[in-house]
Amino acid sequence: MPKPNVDYVAILKTLRSHRVDFVVVGGVCAVLHGAPLATFDLDVVHCREPHNLARLMAALEEKEETGQEKDKAALPVLRRVLEERAKS
């Protein structure tokens, strides 16, 4: 399987620059702690407070403007889910 061209550091920097509260979980977290794994995805869990959802939306919008086409396709779905959660 070819290694995807994903800049995890850029994603994390975007989240931090928008002051999104989140934690890294899954395979990347294990690698950061020294586990000998090969993982090609980044799993984050975000705080679901309304103020944080607004910051997450801003970060997603920034990535939508600068991201790869395959990533852009998922952003409208994420936006709709976050907007629905913000209403409830």
**Message:** Please go through segment 20-42 and give me each residue that is loosely packed, with under 14 Cβ neighbours inside 10 Å and out of contact with any Gly (no Cβ under 6 Å at 6 or more places or on another chain), ordered by number.
**Reply:** Val23, Val25, Leu32, His33, Gly34, Ala35, Pro36, Ala38, Phe40, Asp41
**Prompt:** What single numbered condition from (1) without any contact (Cβ under 8 Å) to a residue 24 or more places away in the chain; (2) buried (at least 16 other Cβ atoms within 10 Å of the Cβ) fails to hold for Leu15?
**Reply:** (1)
**Prompt:** Restricting attention to segment 1-12, and to residues there that are part of a loop (DSSP other than H, G, I, E, B) and surrounded by 12 or more Cβ atoms within 10 Å (Cβ to Cβ), which single residue is modelled with the highest pLDDT?
**Reply:** Asp7
**Message:** Which condition from (1) more than 17 Å from Leu78 (Cβ to Cβ); (2) among the β-branched types (Val, Ile, Thr); (3) touching a Phe, Trp or Tyr at 6+ places or on another chain (Cβ under 8 Å) is the one that Val23 breaks?
**Reply:** (3)
**Prompt:** Which residues, counting only those in segment 18-53, are within 18 Å of Asp7 (Cα to Cα) and assigned to a helix (DSSP H, G or I)?
**Reply:** Gly26, Gly27, Val28, Cys29, Ala30, Val31, Leu32
**Where a residue in segment 65-88 is closer than 21 Å to Ala10 by Cα and its partner, wherever it lies, is surrounded by 14 or more Cβ atoms within 10 Å (Cβ to Cβ) and at pLDDT 70 or above, with Cβ under 7 Å and at least six apart** = Asp71/Lys63; Lys72/Glu64; Leu75/Leu60; Leu75/Glu64; Leu78/Leu60; Arg79/Met57; Arg79/Leu60
**Fill in**
Picked from segment 15-39 (must be within 28 Å of Arg85 (Cα to Cα) and modelled with pLDDT under 90), the residue nearest to the chain's Cα centre (by Cα) is Val24
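The values are calculated or read from the model by the stated rules, or taken from the named source; none is laboratory data. Owing to the predicted nature of the structure, the values given are computational and were not obtained by experimental measurement. Here Cβ is always computed from backbone atoms with ideal geometry, including for glycine, and neighbour counts include all displayed protein chains.
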